[in-house]
């Protein structure tokens, strides 16, 4: 049985005002509920534009985009966004930042005391889930980058959004912290059962987290290939060394180079490197050329 799509893009396109070429063209993709889909591709391929369009922060001008069967015309409480830069409110504590979303008008209409109590319980549960209990009363400037991003994720999850949109959320973190955050967001996905759409430049990150990896190509931005990830649903860091993981990583890297034109540049560099390699036999210089003075009296004279 075919699983119906929660997010549906049909012939989606977008051109920014004043631009001669489209940022997105003919994007066709369905994302099911509770799926974790990652997007990779060279710079300028439209990954972030597509994510922001799904969020309702950008509006498409061609094709159709629906969430739960409804056309997207702007942001909504069914979609939460996590950015690379944490965007926390510096004057609020960790707990106050997490609870802030409950103060927005869309979440305060007809709210009862039991709703308030439930929200307080959820904020505490998210605090514990993110491992932030010890810093509940700290301010953002007192936290590491990884801890600040955990707060941002907890805040995004506070209203139980069906869809979590993440735009390179771990791009500013060091490698060790990123690994911790990968396992954390995978755990959150299993616990919250939300649909996650995740944009990254890191191919390993895309494979480790995603059920599917969508590779996009630039000029104009479009979907090139969609890859199923041949790994179990529950993953661990050791899987990064598996043949399946490494094989898909090589396939993705090669395809990114091909679609971006980078492969042609690399081939040119290889040719130049071979020409500069002293082990590579040099072509015989034309007779009478200056390079013919490689030995004999003429070379001795030049040495003086």
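List of remarks:
- Filter pass, residue 97 being in the same structural domain as residue 147 (by TED's automatic domain parsing), assigned to a loop (DSSP other than H, G, I, E, B) and modelled with pLDDT under 95: no
- In this structure, residue 257 does not satisfy being more than 24 Å from residue 151 (Cα to Cα), modelled with pLDDT of 95 or more and in a helix (DSSP H, G or I).
- Among the residues of the stretch 124-146, the ones that are under 26 Å from the mean Cα position of the chain (by Cα) and either outside the structural domain of residue 95 (by TED's automatic domain parsing) or without any contact (Cβ under 8 Å) to a residue 60 or more places away in the chain (or both) come to 12 in all.
- Answer residue from the stretch 202-212, given it is within 10 Å of residue 37 (Cβ to Cβ) and surrounded by 24 or more Cβ atoms within 10 Å (Cβ to Cβ) and is nearest to the chain's Cα centre (by Cα) among those: 206
- Test: residue 9 is in a loop (DSSP other than H, G, I, E, B) and touching a strand residue (DSSP E or B) at 6+ places or on another chain (Cβ under 6 Å): no
- Whenever a residue of the stretch 217-231 is over 20 Å from residue 19 (Cα atoms), its partners that are assigned to a loop (DSSP other than H, G, I, E, B), lying with C-beta atoms within less than 7 angstrom and at least six residues away or across chains, give the pairs 229/210; 229/211.
- Looking only at the stretch 12-29, and only at residues there that are modelled with pLDDT of 95 or more and farther than 17 Å from residue 56 by Cα, the one that is surrounded by the most Cβ atoms within 10 Å (Cβ to Cβ): 25
- The listed residue being crowded, with 19+ Cβ neighbours inside 10 Å, closer than 29 Å to residue 40 by Cα and at pLDDT below 90, out of 158, 166, 130: 130
- When residues of the stretch 71-88 are limited to those that are closer than 12 Å to residue 56 by Cα and part of a strand (DSSP E or B), the one farthest from the chain's Cα centre (by Cα): 71
- Flag for residue 220 being assigned by TED's automatic domain parsing to the domain that holds residue 50, more than 23 Å from residue 95 (Cα to Cα) and out of contact with any strand residue (DSSP E or B) (no Cβ under 8 Å at 6 or more places or on another chain): no
- Of the strands (runs of 3 or more DSSP E) lying entirely inside the stretch 166-230, not one contains at least 3 residues that are within 14 Å of residue 245 (Cβ to Cβ).
- Residue check for residue 80: modelled with pLDDT under 90, in contact with a helix residue (DSSP H, G or I) (Cβ under 6 Å, 6 or more places away or on another chain) and either surrounded by fewer than 13 Cβ atoms within 10 Å (Cβ to Cβ) or closer than 19 Å to residue 192 by Cα (or both): no
The values are calculated or read from the model by the stated rules, or taken from the named source; none is laboratory data. Bear in mind the structure is a predicted one, so any value in this text is a computation, not a measurement. We place every Cβ from the backbone using ideal geometry, glycine too, and count neighbours over all the protein chains shown.
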